[in-house]
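Please treat every number below as a calculation from the coordinates, not as lab data. It should be emphasised that the depicted structure is a prediction, and the values quoted were computed from it without experimental measurement. So basically every Cβ, Gly included, is an ideal-geometry build from the backbone, and we count neighbours across all protein chains shown.
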């Protein structure tokens, strides 16, 4: 009974949030003088209208799913890792440089690029975890600040030492990687690539990891009640550094997947402008850090974004409607966390031990 | 090095301190009543946009600043309602508001000005620069302190006003009490929730001013995400300054100076990417001196004990 | 009569904290309210101070009926309360703490000079000297207590409620406090004192009312009673001795020697604690809560660092070891506060069950769901834990059932050493019997058990030896077979052992 109730509640609240988001979006559409139904129809078409748009949505969802999974892991353990953006950018840069400069056949380049991205981004993220467990520096703030340092550093690397000077382009970017090291596309002529498969496999894998492994168990308990976990013998500092490493590593993988599967080089600002990392964090918040849920939430956010682009092509309503809808979704989710908080308080009061 | 540390560097520093300082003061007031406001970044962004919008709509600088304050007040009410009445996790609410601010400003930029990324109108007037009579004639000091935008002086005055409010008035004393020990404050019949609302609204107004200085202070323009981490730096300034106005001013001065220095260093053929890291690196180093309260205490506070 | 509380009843759902309690207070009188933990003293005073409203019954002041909705109403009727946990602002000065809520002002400004003057004048009037500019955080607990009383006096209180006023004070501070109370009473102030400490009560009060299980068992004049009689009135029930064999104790399983934790207060949290628990022995730690028991448990289980001393479990020196190492050396631990330490409320029954059992329920890092189900459902049957399923979240279980789950989990460790802290707090009689039976069974199996409880009856029933803690020290060791409740209560209250 309880389980069914929990599942239903877990489903109802995101749905309510989506409805609220669409309602507020409708108000915004009316404000700019658009036709609500027409606009939403175009939005739907832009996201899922035909096979090209559908796969395009999936391609955009790929980095969002990956980042979301990384963040979900940290959130599950109760650590506010807000550094996905920097971790992703460093991962992308490392992947691009490795693929460019490691000799060998394409497959080796590809694997080396992925491993480099995972290690660099993981260490960068674990560094923040170490600062917290060693010096008591607030993880939320350090990860936020480290974002800026990471993106600036990556920008420097491609503006100076590793700048592509072969073409006439003045852009800060690396050279293009070897075609043999690129992720294969899943369908001829479509943008969706191997990274999407990796993301889905990882989502399933993380779901199983959380549910069925002892480390996953320790992470869940640490996030639920850190005192209980400590009492049971879980070492918080160690767990923090490990889970921050993995969390950052997955964000780094997201960066690698963008480089190897879509952009084929590291272009300064391209990942931050697309807002992949923050969308990933939003997806995690929407799904309350559930891996499978995060993947679905990432798809939803991606669809809102690609749908927004489609809508903008065919109506006068600006693309930014999407960001309004996304923001309202998140606001509703913070309210959802409140509801579970109130529930918990009631459950505590039921005990009735007065004194 | 003479060229590096010249008059205009310090003048620029003062200009760049203002938004950080104003927001950090807001953060300090919130921290004083027990609310850790991660939403500063979003509040400044709303302030920056609505200042430009107010200017565009009315053509009056006074109205623009007023409009920015009002908009940010409304926005901060959302933060207050969700964290005080609904008792939602303050950090999640702060993050959510940052998202909302980004969404609202990019949408409005598009919907109202029909531009993407940035809005700039060369005919739009910025905040007036004040020449302080006697002061401006003092050689070095005059060049640094005089001729700044009106909000820079306002920020300095607000530091003093807040210092007096918190440490000299009865209302400020009770605000401190509500944050220091809410249970004790309630047992004395003080209204803790009302006090928290007041604090969040003060914070909102200050972030409105911070935003106005950002978009109208030097160049009159708005760009998407133009706060660029200043809200988070302000948050660290709040922590370093121990939520004490004078202390917060000191910390903000440090960060503002680093920002000015980072721009200045670009003239010395150091790549801008490297110089722009300076404020963030210094901020992180500064954090070593501020210790988090242990996670055990945090957990004990939030967990409902059976006793 | 200055104050009359007439037939007060207060129920929380099925639990009745006060039943038909009548209590009165004369002007200039010191009236003590005593009773065991959970007897309903604090509830009664919270009603008087407007923090709770009674289910039935009424309050009269100077013969006039009054109704209090919140503390402000009580303060208006000149009732002041000094809470057990002080309601002070540590960062503020003494003067600020005393005038808060009634600050002297010059227009909008807080007149701190006047505040200091008022503080000095009130402290001189009642002969309770303080340094008005000193920060409360830098004051001893005795000084903080004095600030609390001055604050209440500054509010104009005529009736002053003191909740466990001496619990945290040093003997000298207690003496000073008692002297102040007497002198204030002589100046016409009236006091209600809630306490466990019989010797202090006997010294300071005029009349004593005893509560037991929410009911008044008597009101007596202090001059016409003695501590033994009061103890009997407080406890009042016959002990049911459980069937238990006499066991030959074996080698020591845990050896604690000279353990101290300084803390940041005037008195150390733990002061050179030494004891052993042997195979097949239950050692009870008695004491009023807050006398160092929590710190002792956290120190032994590795959750709190110690400043001095050593802890040896099963011949392994585990001083400074991690929680995991200590558990591996042979410790299981029923924690004193189940919601704070014992469970994760959002997690399921089985997830809460396997904490500490990962070795037997997983293989190469993968949880074995079947083994978990077998393990936890066996506990559910054996301890009669009422739960929807093994996947029900812990927050939906009642307190008693949750406690049974925790006890089952820790007993199933089959560890040579078991800490049982408040094992039956807030559980019903049935659950209590099951838990007590299981603890005795572990004893038969020759485990060493350290039982910490604020329920004296529980300790008397289960323990072979009894240690009494008071102010972070072990102040007495008694043989459970010969010790009397009166003896232990006296030690718990800081008195000297008789015989």
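Which whole-number percentage describes the relative contact order of region C:252-492, with Cα contacts under 8 Å and a sequence gap of 6 or more?
Computed over region C:252-492, the figure is 29 percent.
Please give the Cα centre distance for region B:1-45 versus region C:324-342, rounded to the nearest Å.
47
Shielding by partners for A:230-242, please: the mean number of other protein chain Cβ atoms within 10 Å of each residue's Cβ.
Rounded to a whole number, the mean comes out at 5.
On C-alpha positions alone, give me the angle between the axis of helix C:369-382 and the longest principal axis of chain C, in degrees, nearest 10.
Value to nearest ten degrees: 60.
Could you calculate the FRET efficiency of residue C:317 with residue C:441 from 1/(1 + (r/R0)^6), where r is the beta carbon distance between them and R0 is 35 Å, rounded to 0.05?
E between residue C:317 and residue C:441, to the nearest 0.05, is 0.70.
For peptide C:99-109, what's the mean number of Cβ atoms from other chains within 10 Å of each residue's Cβ?
Across the residues of C:99-109, the mean count of other-chain Cβ atoms within 10 Å is 4.
For residue C:172 and residue C:248, what does the FRET efficiency come to when R0 = 51 Å and r is the distance between their Cβ atoms, rounded to the nearest 0.05?
After rounding to 0.05, the efficiency reads 0.65.
Label 7 Å along Cα→Cβ of residue A:27; region B:103-124 residues with amide nitrogen under 18 Å?
B:103-109, B:111-112, by backbone N distance to the label point.
Among DSSP beta bridges lying fully in region C:252-492, give the percent that are antiparallel, nearest 5.
Looking only at bridges with both residues in region C:252-492, the antiparallel portion is about 55 percent.
Give me the angle, in degrees from 0 to 90, between the Cα long axis of helix C:112-125 and the longest principal axis of the Cα atoms of chain C, rounded to the nearest 10.
Helix C:112-125 sits roughly 90 degrees off the main axis of chain C.
For region A:2-339, what relative contact order do you get, as a whole percent, if you take Cα pairs closer than 8 Å and at least 6 residues apart?
Worked out over region A:2-339, it gives 36 percent.
State whether region C:377-428 is rounded, prolate or oblate according to the following rule on the C-alpha gyration tensor (a ≥ b ≥ c being the square roots of its eigenvalues): a/c under 1.5 gives rounded; otherwise a/b larger than b/c gives prolate, and the remaining case gives oblate.
oblate
What fraction of the DSSP beta bridges in chain C is antiparallel, stated in percent and rounded to the nearest 5?
Antiparallel bridges make up about 55 percent of those DSSP assigns within chain C.
Please work out the C-alpha center-to-center distance from region A:193-221 to region B:64-101 and express it in whole Å.
Cα centroid of region A:193-221 versus Cα centroid of region B:64-101: 35 Å apart.
Within a 10 angstrom radius of each residue's Cβ in C:386-395, how many Cβ atoms of other chains show up on average? Whole number is fine.
Other-chain Cβ atoms within 10 Å of each residue's Cβ, averaged: 3.
For labels at residue A:101 and residue C:305 in the simple 7 Å Cα→Cβ model, what's the distance in nm?
4.2
Taking only Cα atoms, what is the 0 to 90° angle, nearest 10, from helix C:429-444's long axis to the longest principal axis of chain C?
50
Once you have a ≥ b ≥ c as the square roots of the Cα gyration tensor eigenvalues for region A:32-108, tell me rounded if a/c is under 1.5, and otherwise prolate or oblate according to whether a/b is larger than b/c.
It comes out oblate by the Cα gyration axes.
Ranked from highest to lowest mean number of other Cβ atoms within 10 Å per residue, what is the order of the peptides A:52-62, B:146-156?
A:52-62, B:146-156
Just to check, using Stokes-Einstein with a Kirkwood Rh over alpha carbon pairs, what's the diffusion coefficient of the protein assembly as shown at 25 °C and 0.890 mPa s in µm²/s?
After rounding, the answer is 74 µm²/s.
Sticking with the crude label model, points 7 Å out along Cα→Cβ, report the distance from residue B:268 to residue C:70 in nm, one decimal please.
Taking the two extended label points, one gets 5.9 nm.
Quick check: pseudo-label points 7 Å beyond the Cα along Cα→Cβ at residue A:314 and residue A:38, how many nm apart are they?
Using points 7 Å along Cα→Cβ, the separation is 1.2 nm.
Sorted by average packing, counted as other Cβ atoms within 10 angstrom per residue and highest first, what order do A:90-99, A:118-127 take?
Ranking, from highest mean packing down: A:90-99, A:118-127.
Apply the a/c threshold of 1.5 to the C-alpha gyration tensor of region A:2-339 and tell me whether it is rounded, prolate or oblate.
Oblate is the answer for region A:2-339, as a/c is 1.5 or above yet b/c matches or exceeds a/b.
Averaging sequence separations of C-alpha pairs under 8 Å and six or more residues apart, then dividing by the length of region C:1-111, give the relative contact order as a whole percent.
Relative contact order for region C:1-111 comes out at 23 percent.
Working out 0.36 nm times the residue gap between residue C:7 and residue C:24, then minus their Cα-Cα distance, what length gain in nm do you get to one decimal?
Length gained, residue C:7 through residue C:24: 5.0 nm.
To the nearest 0.05, how large is the calculated FRET efficiency for residue B:289 and residue A:134 if R₀ is 22 Å and r is the Cβ-Cβ distance?
According to the calculation, E is roughly 0.95.
For the protein assembly as shown, give me the percentage of DSSP beta bridges that are antiparallel, rounded to the nearest 5 percent.
The antiparallel proportion sits near 60 percent.
Roughly how many Å is it from the Cα centre of region B:230-250 to that of region A:30-90, as a whole number?
So the two Cα centres are separated by 34 Å.
Among A:302-309, C:223-230, C:62-69, B:240-247, how do they line up from the highest to the lowest mean number of other beta-carbon atoms within 10 Å?
By packing density, highest mean first, the sequence is A:302-309, B:240-247, C:223-230, C:62-69.
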